[in-house]
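Have a look at the structure below, then the notes.
Nothing in this text is a laboratory measurement; each read-out follows from the coordinates by a stated rule. Since we're looking at a predicted model, the values are computed, not measured. Here the Cβ positions follow ideal geometry from the backbone for every residue, glycine too, while neighbour counts run over all protein chains shown.
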C-alpha cells in the first residue's frame with residue numbers, strides 16, 4: 001500500500017513537471033533558443049553506460065547529468081563528474097547520494113535487486129536497449145531525445161550520423177575482398193575476437209569489409225591459426241587491452257608471431273569506447289578504420 | 001561379556017573373518033593375537049558393531065548388538081583406538097568433560113571425577129594443554145582417562161567392558177608399564193578388558209584368556225596355559241620358536257628361526 | 001585429591017570466564033557495528049538525524065530503513081551462517097581446511113546462477129519474476145549439488161567421509177567445467193553479470209531477501225546447536241563417536257542438510273562471499289576452543305561482525321562506488337589470521 005502511494009505521488013509530480021516544461025519550452029522555441037539550465041533543474045540524471053552518456057552529450061543536454069558510471073569516459077569533461085561505480089554493479093544508495101532524480105541506463109544495469117530498490121525509493125529509472133545495428137542506434141538516440149525534450153536535436157544527430165556514414169562508405173575504395181579482424185584481447189593465452197552482433201562487426205559490415213571472424217557470435221576465444229589461414233589486412237585492438245605494449249610487442253606474442261611474419265604487423269590500437277559502445281561516434285570509428293587501410 | 005556366534009564378515013566380496021565363535025569371559029582380561037591380516041581388527045570392529053550384517057551375531061551381556069541402544073551401550077562399553085589423534089585444539093580438560101557428559105554428573109561431581117582419574121592416570125599437569133600438542137604416550141593416557149570417565153563410577157565397572165586396539169604401539173617402556181598397571185587396576189575393580197596387541201609377551205602374561213586368529217578363523221582360544229604354547233604359536237605366526245620361562249616366571253615366546261646376531265667377521 | 005580438584009575447578013572457572021568475556025565482548029560489538037553500518041554511507045544521512053532532527057525528508061528515512069538496515073542485518077546473518085557452516089563442515093570432515101566450497105555447494109549455486117543469467121538473456125523464465133530467478137536458481141544449485149553429493153558418496157544411508165571429500169572435488173570440477181561451457185555460450189554482457197555475481201555483493205538487499213535468509217539460518221543454527229556435543233565428538237573421530245553413543249550416519253546426514261540450507265540462502269541473494277567460512281572458524285578456534293558449545297555462537301558472532309564491518313568498508317572506502325565485499329573480508333581477516341598463526345607457532 002505504502003509503495004503504491006509513493007509511486008502514485010511521483011507519477012502525479014511527473015505529470016505536473018511535464019506540463020510546466022511544455023509551456024516553458026514552447027515559449028523558448030518561439031524565442032529561438034533552448035535554455036538548458038531550466039531543464040536541468042527538472043532533470044538530474046545519473047547516466048549509467050558509456051553509450052548513454054555520449055548520446056546525452058551529443059544531444060547537447062550534458063548539463064542535466066549530475067553523475068556517471070565508470071564506463072562513461074567520453075567526452076573528457078565527464079571525468080570531472082562524480083562517479084558511482086560500474087553500471088552492472090551499482091549500489092542504490094551510491095546513486096541516491098549523487099542527488100539524481102533520474103537514472104538513464106544502458107541495458108545490463110544492475111544487479112536487478114538494486115534496480116528494484118532504486119525504483120521503490122522513488123528514483124525514476126529509464127533503461128535503454130543498446131542494439132548493435134544502425135537503426136538500433138537511431139532508436140536509442142530518439143528515445144533519449146524524447147525523454148530530454150530534444151526531439152529536434154536527436155533527429156539532427158541521427159541525420160548527421162547517417163550522412164557521415166554514407167559519405168564514408170561512398171568514398172571508400174575498399175571492397176568485400178578486404179579482410180579485417182577485431183581482437184578483444186591478445187595475450188599469450190590466446191585470442192578473443194569480435195564476431196556477429198558486436199559493434200566492431202557492425203562497423204566492418206557497414207564499410208563492406210569482411211570480418212574474418214564473422215562465423216563466431218559475440219566475443220569468443222578463437223584459434224590463432226585463423227590469422228594465418230585467412231590473414232586480415234588489418235587487426236584492430238582496443239587500447240585498454242594492450243596497456244604498456246607497443247604494436248611490435250604485440251606482434252611478437254606467440255599468438256601473433258606467425259601472422260606478423262607472413263603479413264606484416266598491421267595492428268591498429270583504438271579507443272575502446274568508440275569501437276565497443278554504440279555511440280554517436282560510430283562514423284568516426286569507421287573513418288579511422290578506412291584511414292588505416294589506405 | 002562378549003560372545004560371537006558363527007560371525008562372518010565379508011567386505012567388498014572379501015571374507016575377512018569366517019565363522020568365528022568366541023566368548024570373552026566377564027571380569028577378565030582377554031587378548032586377541034595373530035599375525036597381521038589374521039582378522040584381529042575386523043573382529044574388534046565387529047564387536048564394536050561397525051558391520052551391520054554381523055550385529056545379530058555379536059552378543060554383549062547376552063543381548064545381540066542390534067537390540068542395544070547406542071547410548072546405553074556407550075555407558076558400559078568404551079573403546080580406545082590405535083594412535084587416536086585429532087586435528088582440532090581442545091584442552092585435555094574439555095576433552096574429558098565432553099566424554100563424561102554421557103552421565104548426568106553435577107558440576108562438582110564432574111570436577112571430582114576428572115580430578116580422581118587425572119591423578120590416577122598421571123595427567124593432572126596436562127589438563128590445560130591442547131590434545132593436539134600431546135605426545136603419543138600422553139595421548140594414550142588421556143584416552144584411558146577419557147574411556148574410564150565414559151564408563152562412569154567404580155561401582156558399576158563390573159558391567160563394563162574396555163576395548164583397546166594396540167594401546168602400547170606408540171609408548172616407551174615406562175609408559176607401557178603405567179598403562180598396563182591402569183588396565184590391571186581396572187580389571188581388579190571388576191571391569192572386563194579386551195586387547196589387541198603385538199607385544200604378545202607382555203599381554204599374554206596379563207591376560208586371563210587368549211583368542212588366537214589365523215586367516216580369519218579361530219586357531220585356538222582359552223587360558224594362556226592352553227594357548228600360549230610353542231606349537232600353537234608357531235602355527236599362528238608361521239615361524240618356529242619356543243616358549244621359555246622369562247623373569248618373574250613369565251612365559252615368553254622367542255623365535256629361533258633367524259639368527260639375528262651380527263656377523264662382523 | 002582435593003588439590004587437583006581445586007585446580008580443575010579453578011581452571012574451569014578461568015576458562016569459562018575467558019570464554020564468557022570474549023563472547024560477551026564480541027556480542028556487544030555487534031550493536032556498535034550495526035549503528036556504524038546504519039550511520040555511514042554515500043547519502044549524507046545518519047541515525048541521529050533520523051531520530052532527533054525534524055527537517056528530514058521521506059527519502060532520507062527510507063535510505064535508512066529500506067537500504068541500510070536490511071543490508072546491515074543481511075551481512076550479519078549471512079556472515080554468521082557462513083562461519084557456522086564452516087565450523088560444522090570442518091568438524092564433520094575432520095579437516096581444518098573444509099569450508100562451504102569443499103562439498104561443492106558454492107560451485108553448484110554459482111553454476112545454476114550462471115544458467116539463470118543465461119536463460120534470462122535468451123528465452124527468459126516463464127512464471128518467475130526476473131529479480132527472483134537468480135536467487136532461486138542459486139538455491140536450487142546448492143540443493144542439487146548436495147543431492148548429487150549423496151548420490152555419489154552415499155550408500156544405503158551411509159556417508160563415508162573420505163568419499164564425501166572426493167565427491168565434493170568431483171562436483172566442484174564438474175560445476176566449474178559446466179560453468180566454463182556456459183561462459184563460452186553466453187554473450188559478453190551476460191558473462192559480466194556472471195562474473196559480478198561470483199564476486200558477491202550486498203547492493204540491493206531488502207527485507208524480502210533478508211526474511212527468508214534469517215529464517216533458514218536461525219532454524220539451521222538451532223538444529224546444529226542441539227547437536228553440539230555429538231558434533232564435537234564426531235570431529236574427534238567417527239568410530240570413537242559411535243562407541244560414545246552417537247548415531248553418526250544420521251547426524252552427518254542431517255547436519256549436512258542443515259549446513260547446505262544455510263549456505264544456499266547465504267549465497268543465493270548475495271553471491272559468494274569467500275573466506276568467511278574457512279578463516280573465521282579458525283580465528284575462533286585459536287582464540288578460544290574447538291568445543292562447539294562455545295565455538296558455534298562465537299563463530300556466528302565473529303562471522304556476522306566481520307562481514308558487517310567489511311561491508312561498511314566496501315561501501316565507504318571509495319564512495320559512492322562499492323568494492324567487492326569478498327576482497328574486504330579477506331583484507332580485514334587475513335592479517336589477523338596470520339598474526340594468530342605466528343602466535344601459535346611461538347607457543348610450540
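Observations
- Among C:145, C:26, C:330, residue whose mean-square fluctuation peaks in a GNM of chain C (springs only between Cα atoms under 10 Å): C:26
- In this label model, residue A:169 and residue B:135 are separated by 8.9 nm, measuring between points 7 Å along each Cα→Cβ vector.
- Over the range C:1-153, relative contact order from alpha-carbon pairs under 8 Å, at least 6 apart, %: 15 percent
- Once the Cβ-Cβ distance of residue B:181 and residue C:28 is raised to the sixth power relative to R0 = 56 Å, the FRET efficiency obtained is 0.65.
- Cut-off 13 Å (backbone N to label point 7 Å along Cα→Cβ of residue B:28), residues of the range B:212-252: B:212, B:221-228
- The range A:175-214 versus the range B:22-67: alpha-carbon centroid distance in Å: 75 Å
- Candidates A:130, A:216, A:229: whichever shows maximal mean-square fluctuation once chain A is modelled as a Gaussian network with Cα springs under 10 Å: A:229
- Taking other C-beta atoms within 10 Å as the exposure proxy, B:210, A:288 rank A:288, B:210 from fewest upward.
- FRET efficiency for residue B:12 and residue B:62, using Cβ-Cβ distance with R0 set to 30 Å, rounded to 0.05: 0.40
- Label-point gap, in nm, between residue B:231 and residue A:70 - each point 7 angstrom along Cα→Cβ: 8.8 nm
- Gain on full extension, evaluated as 0.36 nm per residue between residue C:226 and residue C:160 minus their Cα-Cα distance, stands at 21.5 nm.
- FRET efficiency, 1/(1 + (r/R0)^6) with R0 51 Å, evaluated for residue C:188 and residue C:340 via beta carbons: 0.75
- Among A:278, A:140, A:256, the largest mean-square fluctuation in a Gaussian network model of chain A, built with springs joining Cα atoms closer than 10 Å, belongs to A:256.
- Cα principal axis extents for chain B, largest first, Å: 61, 52, 35
- The residues C:106, C:201, A:154, when put in order of fewest to most other Cβ atoms within 10 Å, stand as A:154, C:201, C:106.
- Relative contact order (%) - chain B, alpha-carbon pairs under 8 angstrom, separation at least six: 25 percent
- Shielding by partners, peptide B:71-83 (average Cβ within 10 angstrom, other chains): 3
- Estimated distance in nm for a label pair at residue B:173 and residue B:128, the labels positioned 7 Å out from Cα along Cα-to-Cβ: 3.5 nm
- In chain C, the calculated helix contribution to ellipticity at 222 nm averages -26000 deg cm²/dmol per residue, counting -39,500 (n - 2.57) for every DSSP H run with n ≥ 4.
- The mean number of Cβ atoms from other chains found within 10 Å of a Cβ in peptide C:233-240 is 6, as a whole number.
- Peptide A:113-126 has a mean shielding of 4, counted as Cβ atoms of other protein chains within 10 Å of each residue's Cβ.
- Considering helices alone, the calculated mean residue ellipticity of chain A at 222 nm is -14500 deg cm²/dmol, with DSSP H runs of length four and up weighted by -39500 (n - 2.57) and normalised per residue.
- Per-residue Cβ neighbour counts within 10 Å put B:199, A:129, A:188, B:165 in the sequence A:188, A:129, B:199, B:165, beginning with the fewest.
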